[in-house]
Amino acid sequence: MKLHKPFVYVDADSCPVKQEIISTCAAYHVPVRFVTTINHLSGESDENWIVLDPMDQAVDWYILNRVRPGACVITQDLALATLLTAKDVTVITPRGEQITDADADEILLRKHMRIQNQRQGKRIKGPSKLTAADKQRFLDFFSSYCRKMQEFDERC
């Protein structure tokens, strides 16, 4: 019995590397699902797109309920990332950083501190602008992941 390679899921609501994901998955024949709410859909939907009602955390819940061990999720949502790593899922940020179980405590502590600062009315600075180096780091890491998935598929 041939095993099927896991999907790549993309938290697509605000993903800045969609084109890189599409081209890399096509090159390595890795199945991908972009998950977004109707409010964030920008006209590029096809059979690879899952479009959800605009409920709070709809994309997170969809991915959490469908992802299987060995899959890959691309997300900027670090709280979601900590939940996924516990499920033996490879999590990559659009900046090309892999999130692991070892990162969970620090991520959750930083989130807690941000919430506390917001409650105190302090201005919270968002992430810096995505650079070309960030995109290249993502592409390098993601290509390596897809190459491994292709090799796995060929062995099975």
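The values are calculated or read from the model by the stated rules, or taken from the named source; none is laboratory data. Please read all numbers here as calculations on a predicted model, not as lab measurements. Please note: Cβ atoms are built from the backbone with ideal geometry, for glycine as well, and neighbour counts cover all protein chains shown. Protein only, heavy atoms only, side chains kept; ligands, DNA and RNA dropped before computing areas. Shrake-Rupley method; radii C 1.70, N 1.55, O 1.52, S 1.80 Å.
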Handout entry: Those residues of region 141-156 which are surrounded by 11 or more Cβ atoms within 10 Å (Cβ to Cβ) and not in a helix (DSSP H, G or I), in sequence order
Key = none
Fill in the blank from the handout: Here the qualifying pairs (Cβ atoms under 7 Å; residues six or more apart or on different chains; first in region 11-26 and on the phi > 0 side of the Ramachandran plot and of a type outside the set (S, T, N, Q); second crowded, with 19+ Cβ neighbours inside 10 Å and at pLDDT 95 or above) come out as none
Problem - Number of the condition not met by A81 [criteria: (1) surrounded by 13 or more Cβ atoms within 10 Å (Cβ to Cβ); (2) among the hydrophobic types (A, V, I, L, M, F, W, C); (3) modelled with pLDDT under 90] - result: (3)
Practice task
For region 63-73, state whether one or more residues are exposed (fewer than 13 other Cβ atoms within 10 Å of the Cβ), β-branched (V, I, T) and touching a helix residue (DSSP H, G or I) at 6+ places or on another chain (Cβ under 7 Å).
Solution key: no
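For region 109-140, how many residues meet the condition of being in a loop (DSSP other than H, G, I, E, B), more than 21 Å from T82 (Cα to Cα), modelled with pLDDT under 85 and open to solvent by 100 Å² or more (accessible area, probe 1.4 Å)?
At the first step, the residues of region 109-140 found to be in a loop (DSSP other than H, G, I, E, B) are 120-131.
Adding the requirement that they be more than 21 Å from T82 (Cα to Cα) leaves 120-125, 128-131.
Add one more test, that the residue is modelled with pLDDT under 85, and what stays is 120-125, 128.
The next check asks that each one be open to solvent by 100 Å² or more (accessible area, probe 1.4 Å); those that pass are 120, 122-123, 125.
Qualifying residue count, region 109-140: 4.
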Handout entry: Of residues in region 13-63 being in a loop (DSSP other than H, G, I, E, B) and either modelled with pLDDT of 95 or more or within 13 Å of the chain's Cα centre (by Cα) (or both), the one farthest from P127 (Cα to Cα)
Key = V17
Problem - Close pairs from region 47-60: first within 17 Å of F7 (Cα to Cα), partner assigned to a loop (DSSP other than H, G, I, E, B) and open to solvent by 40 Å² or more (accessible area, probe 1.4 Å), Cβ under 7 Å, at least 6 apart - result: V51/L41; V51/S45; D60/D77
Problem - Residues satisfying the stated conditions in region 64-108, i.e. touching a residue at least 60 places away in the same chain (Cβ under 8 Å) and either in a strand (DSSP E or B) or within 10 Å of the chain's Cα centre (by Cα) (or both) - result: C72, V73, I74, T75, Q76, D77, L80, P94
